[in-house]
Amino acid sequence: MDFQNAIIEFLGLQDVVIEEINFHHESRKVRLIVRQKREECFCGQCGVQFDSVKEWHKKELRAPPMGVFSDIKLIFYQLRGNCESCNRSEVAEARWIHPEFRSMTCGFSEVAGRLMEEITCEAVSRILHTDSMTMWRVDQWRMEQMEKRLVLPENIDVRFLAADEVHFRTVENENRKGLFAKRFVPEFVTNLVSPRYGKVLANAYGRDSVSLEECLLKLSPDQLLSVEKFAVDMHEPFMAVIRTECPNAEICVDRFHLVQKVNEAFDKVRRIEFKKARDSGDKLVEDMLEPHRRFILMARDADLSRKEKKLLDKLRNANKEIHVAMLLVEYFHRALDKANVLSFRKALRAWYLLVRESKLEPFLKLAKTVRRYRRQIEAYIKSGLTTAVAEGLNNKINTVRKMDYGYSSKQSFLRKILQRCGFLNHQYINTDDLFYCATP
Ligand SMILES: [Zn+2]
């Protein structure tokens, strides 16, 4: 293979001749002039070979980076000829030019797309010297193509599944009815997770029975029957769908979700006490109950430094409600630590008593919910499952959200989750053809 052909192969071009190459070493740029091969020019409409040249149409295109040169610009002379069969002038076909983004080659778009599977459009635009909005659009286009090819891996083990809701964004309520209606409404996304693989299998917008049903549609009837355990939040619409769609599944409420709930209850108490302290001018307590300290307050003893523990002791002495709330959190954790159902029940009974004595409204409410779903919580204790994977995934999804992929586009967020945390990426979907020709 000669030098010319090697470059053409590297750049993913087809049927062109290189006329000139200029290397700019200081800026790591390459400018390449290429012309379509005369004998390989066919009408883009009917495929008949052109017999005459009307003009050479000049185009500027971005090509993928090559070695130490990150900015490759192509000057492409594309043949325009008279097609006798179409009876008009047409440009010759060049399938390596991107059909949607006419200023780049397919190879450039695919290189960028693969990078965007892992890093932000912003970062890729810097690496490839383009603007981030174009990169974002390339990414959207590519994810859409890939979604058409997406099938869950065969023989995937779905005996254990989990459904998890993630907060997506809070938007202003557009059809607000009345002055006292909620001004802002939160939006959620439901993810169907395989804890075994640590991957999101499917997702849908919303957090009701419809959204979970939509996720489960991605599984075959056989797969649905083979689900043995299904971990969910204490959320009735989810449970109802699981009972009908996965009749063999035992529903468990897992520790991850329970801990979320108990932390929420604690935070409500913290906010009430914070307000009280501010109103009464209790500077010490107010300081210690500030929102940014809530993670220290909710951490388990083992995770804290000596200084933090000292601070906590001071707070517990100063405020009885916080002291009691912290005890309630700790006792709840201890109940969940129990290895068997009998000792769990015993610990939970003790916890109920404490809650009743505490008279703390958020915990009374939580106790009611826990009582209602006791069977499902016991199922979790019996299963001996851990929630490390669910927690890890949740963190990852929250990172995706914080990067604000899709500039708040719903669809983009859903796809990005599937790409980063699921099977919508080139590790599972072969997109090698997109390097050379992106026409579906
Ligand atoms: Zn034609």
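Quick look at the values:
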{"item": "Residue within the range 32-55 that is of a type in the set (Asp, Glu), within 30 Å of GLN145 (Cα to Cα) and more than 16 Å from the ligand (Cβ to nearest atom) present", "result": "no"}
{"item": "Test: residue in the range 357-364 that is crowded, with 18+ Cβ neighbours inside 10 Å and within 30 Å of ALA204 (Cα to Cα)", "result": "no"}
{"item": "Test: residue in the range 105-122 that is touching a residue at least 24 places away in the same chain (Cβ under 8 Å) and over 27 Å from the mean Cα position of the chain (by Cα)", "result": "yes"}
{"item": "Selection status of LEU79, under 19 Å from ILE18 (Cβ atoms), in contact with a Cys (Cβ under 9 Å, 6 or more places away or on another chain) and more than 9 Å from the ligand (Cβ to nearest atom)", "result": "yes"}
{"item": "Verdict on PHE413 being buried (at least 18 other Cβ atoms within 10 Å of the Cβ) and not in a helix (DSSP H, G or I)", "result": "no"}
{"item": "Residue list for the range 16-43, restricted to those being in a loop (DSSP other than H, G, I, E, B) and surrounded by 15 or more Cβ atoms within 10 Å (Cβ to Cβ)", "result": "ARG28, CYS41"}
{"item": "Subset of the range 352-385 that is touching a residue at least 60 places away in the same chain (Cβ under 8 Å) and in a loop (DSSP other than H, G, I, E, B) - its residue that is nearest to the chain's Cα centre (by Cα)", "result": "LEU385"}
{"item": "Residues within the range 82-126 that are out of contact with any His (no Cβ under 7 Å at 6 or more places or on another chain) and either within 16 Å of the ligand (Cβ to nearest atom) or closer than 15 Å to GLN14 by Cβ (or both), tallied", "result": "20"}
{"item": "The listed residue being part of a helix (DSSP H, G or I) and surrounded by fewer than 13 Cβ atoms within 10 Å (Cβ to Cβ), out of ARG349, ARG316, ARG345", "result": "ARG349"}
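Quick note: the coordinates plus some simple rules give every number you see, no bench work behind them. Predicted model only: the values in this text are computed from it and were never measured. Cβ: placed from backbone, ideal geometry, glycine included. Neighbour counts: every protein chain shown.
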